[in-house]
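The values are calculated or read from the model by the stated rules, or taken from the named source; none is laboratory data. Source: prediction; values computed, not measured. Positions of Cβ are generated from backbone atoms using ideal geometry, with glycine treated the same way; all protein chains shown enter the neighbour counts. SASA here: full protein model, heavy atoms, side chains in, ligands and nucleic acids out. Shrake-Rupley method; radii C 1.70, N 1.55, O 1.52, S 1.80 Å.
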Amino acid sequence: MLFNTNVFIFLFLPITILIYFLVSTKKYSLGKYILIACSILFYAWWDIRYLPLFIGSILFNYLIGYFIASSQPGKGKKAFLIFGISANLLVLFFYKYLGFLFSNINSIFPANLPSINFILPLAISFFTFQQIEYLIDTFKGEVKKGKFQSYLLFVTFFPHLIAGPITNHKSMMSQFDDESKRLINYDNIFRGIFIFALGLAKKVVLADPLGHFANNGFNNMSEYGLIESWMISLSYTLQLYFDFSGYSDMAIGAALLFNIKLPINFDSPYKSLNIAEFWRKWHITLGRLLRLYIYFPLGGSRVSLPRNCFNLMITFLVCGIWHGAGWTFIVWGLYHGIGSAIHRIWASSKFQMPKLAAWFLTFNFVNIGWVIFRAPNLHDALVLIKGMFGAYGIDLEYARHAVLLGTDSPNTLIANILNIVLQWFSNDAVYFGIILISLVIVFKQRNSNYLLSNLTYKINSRSVMLTALLFVLSILFINVSTEETHFLYFNF
C-alpha cells in the first residue's frame, strides 16, 4: 500500500487509528495486536506472495535472538549470531543479488547459468538490516528477552516498514512497551497530520513532476546538450530528495498519530559544505548502521590516514551494494568512497576552502554521483555526464533550429528566434520552473525537522491553514495524475 493514495489516506489510516485507540484505551496489549494486524495487511497489500517470507523472517530472527540472549557467553552464543546473520544475508543475496551474479558469470564464461529475475520482495533490505542489528545488539547484551508482541510491532510497524527510517530496538521497543502511548494525544495528532501533509506535498507536488522529466531523459538517453543534461541531472537529484525525504516525513507523521516517535532521516543534506557532512545529513539512519557495523569495526578514523581511506572505501562500497544489484550502484559507492577519502586527506592538511566554493563543489559532486546512481547503465551515465560538461554543445535540438539563423532575411531571422523561444518554453520551461522552485525550497526554506519542532507550528490558525493547504493541494495532484507513482526507495 502506498502513502500517496486515496485508499491509504481516506480508508486505511483513519480506520486503523480509530480501531487502535478504541481498543488500546481499554486494553493496550490487544490494541498493539490490532496495529500489528493492520501493518501486516499494509505489507501484503502490495504483493501478498512475499508475506510468508516476511513473517518467516520475523519468526526466525526472534527465535535466534532468544537463543542468543539465553546462551551463556562463549562459542555457542557467537555461533547463534553467526548463523543468524548468515541466514539473513543469504536470503537477501538470493533475492537481490543472485541474478546479477549469474548474468555477470554468463557474460565472462560460457556457463549458461539460468536467468533469474525475481520480483524483489518489498522492503527486504530494510527489514533484513533492521533485524541483523537486533541480533548484534542482543549478542552485546544490550537487548534482554523481549516480549514477542513488542518485537512483532518493532519490525512490522507500517509507517517505517517499507522504506525507513531504519529503526533500532533501543528507540522503538521501549516506546511500544510504554502504556501511556495508548491514550490519544491531540498535539501529536496535529503534528503528525502536519508533517504527513508536508511529506505528501513533497512527493506529489514536487518529486513526481520532476521524476517525469528525469525519467524521459534517462530512459531515452541521447547526446543531450549542456542545458538539457543539467536539467535532467538536477531533476533526478531533486526528485530523489523530495521523494525519499517526503516518505520519511510521512512515516514520521503517521507514527506520531500513534504517539510513536521515529528518528530523523534528513537534515538539509544539499546544504552541506563537504561530503562527510552530506553523509551525516542524508539517509541518517542508514549512515548510522554503516558507521556502527562496517566503518567502526574496520577501525574507523582511529588508524593511519591510508587505512582510514581504505575503511571509507569499503564502507561506501557496502553502501552501494546495499542499494542494489548493478554496476551503477557499485561504481556509485566507490565514487563516494573516493570522494570521502579525498576529503579526509584534504581535512588532514588543515587547508580551508571558502564556504561558497565548498558548497558548490560538494553539491555538484553529489549531483554527478546521482547520475551514476540513476542511469540504466554506466555507458548512459557517462554520456549524460559528458553532456553536462558541454561535450555535445549547448543543446543539439535548439542548435539544429538555429542553423537557419543569419542565413535569411531579418524578418526570417526574428521568426526563427521566436520559434526557438516558443518551442523551448512549451517543452521545457515548465520543468525548468519546477527545478528553480525546488532549489529555492531546498536551500532557502526551513527543513521539516525545524517546522515539526518549532513552537509556532503547534495548533494555531497559521499552522492549521498551512496544513489544510498542503493537504488539499496534494489530494488535487493525486487525483489529477493519470498514473500511480511509487516511492523510489521501494526499488532498493
Task: Theoretical gain in end-to-end length, residue 364 to residue 430 [0.36 nm per residue, Cα-Cα removed] - done: 21.5 nm
Open item on the list: Heavy atoms of the protein only, probe of 1.4 Å, neighbouring chains included. What is the accessible area of residue 446 in Å², nearest 10?
Closed with: 150
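For region 241-300, which trypsin sites (Lys or Arg not before Pro) are both in a DSSP coil and crowded by at most 16 other Cβ atoms within 10 Å? List each step's numbers first, then the result.
On the way: sites: 261, 271, 280, 281, 288, 291; in loops: 261.
In loop regions of region 241-300 (DSSP not H, G, I, E or B), the sparsely surrounded trypsin sites (Lys or Arg not before Pro) are 261.
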TODO: Just need the relative contact order of region 239-326 here, percent rounded to a whole number, with Cα pairs under 8 Å and 6+ apart.
DONE: 16
TODO: Mind jotting down the distance between the C-alpha centroids of region 347-365 and region 1-42, whole Å?
DONE: 47
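Given a 1.4 angstrom probe, what's the average accessible area per residue across the chain, in square angstrom? Can you show the working numbers first?
Working: 23050 Å² over 492 residues.
Per residue, the chain has an accessible area of 47 Å².
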Open item on the list: Bin width 20 Å, origin at 0, all Cα-Cα pairs of the chain: what percent of pairs per bin?
Closed with: 20, 53, 24, 3, 0
Task: Inter-label distance, nm, simple model (7 Å from Cα along the C-beta direction), residue 490/residue 453 - done: 3.2
Task: Rounded to 10°, Cα long-axis angle of helix 378-388 versus longest principal axis of the chain - done: 50
Task: Crossing angle, helix 305-323 versus the chain [Cα axis fit, 0-90 degrees, rounded to tens] - done: 90
Task: Cut-off of 10 Å, at most 15 other beta carbons, DSSP loop: longest stretch of the chain lacking such GluC sites (Glu not before Pro) - done: 224-482
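Given R₀ = 51 Å, what would the calculated FRET efficiency be for residue 49 paired with residue 351, taking r from the Cβ atoms and rounding to 0.05? All intermediate terms of the calculation are to be shown ahead of the outcome.
Working: r = 55 Å, r/R0 = 1.09.
With a Förster radius of 51 Å, E is 0.40.
What is the magnitude of the charge dipole of the chain about its Cα centre, with +1 placed on the Cβ of each Lys and Arg, -1 on the Cβ of each Asp and Glu, and no other charges, expressed in debye to the nearest 20?
On the way: 36 positive and 22 negative charges, 454 e Å.
Using Cβ point charges on Lys, Arg, Asp and Glu, the chain gives about 2180 debye.
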Open item on the list: Could you tell me the calculated FRET efficiency between residue 476 and residue 307, based on Cβ-Cβ distance and R0 = 45 angstrom, to the nearest 0.05?
Closed with: 0.25
- [ ] Counting other Cβ atoms within 10 Å, keep those with at most 12, restrict to DSSP loop, and tell me which trypsin sites (Lys or Arg not before Pro) in region 310-358 are left.
- [x] 350
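How much of the accessible area of region 1-80, in percent, comes from carbon and sulfur atoms when a 1.4 Å probe is used?
Working: 2980 of 4050 Å².
Ligands and nucleic acids excluded, carbon and sulfur give 74 percent.
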Open item on the list: Between residue 464 and residue 171, what's the calculated FRET efficiency when r is the beta-carbon distance and R0 is 25 Å? Round to 0.05.
Closed with: 0.25
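Using only helices, what value at 222 nm comes out for the chain when you add -39,500 (n - 2.57) per DSSP H run of length 4 or more and divide by the total residues, to the nearest 500 deg cm²/dmol?
Values: 23 runs with 329 residues, N = 492.
After summing the helix terms and dividing by residue count, I get -21500 deg cm²/dmol.
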Task: For the chain: relative contact order, % (alpha-carbon pairs under 8 angstrom, 6 or more apart) - done: 18
Task: Distance between region 142-198 and region 278-315 - C-alpha centres, whole angstrom - done: 28
TODO: Please go through region 46-146 and write out the chymotrypsin sites (Phe, Trp or Tyr not before Pro) that DSSP classes as loop and that have at most 10 other C-beta atoms within 10 Å.
DONE: none
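Just the number, please: carbon plus sulfur as a percent of the accessible area of region 235-306, 1.4 Å probe, no ligands or DNA/RNA counted. List each step's numbers first, then the result.
Values: 1310 of 2140 Å².
Solvent-exposed carbon and sulfur of region 235-306 make up 61 percent of the total.
Could you work out the relative contact order of region 177-245? I mean the mean sequence separation of Cα pairs under 8 Å and 6+ apart, divided by the number of residues, in percent. Mind showing how you got there, number by number?
Working: 31 pairs, mean separation 29.7, N = 69.
Contact order relative to length: 43 percent.
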TODO: May I ask you to give the percent of accessible area on region 139-186 that is carbon plus sulfur, with a probe radius of 1.4 Å?
DONE: 53
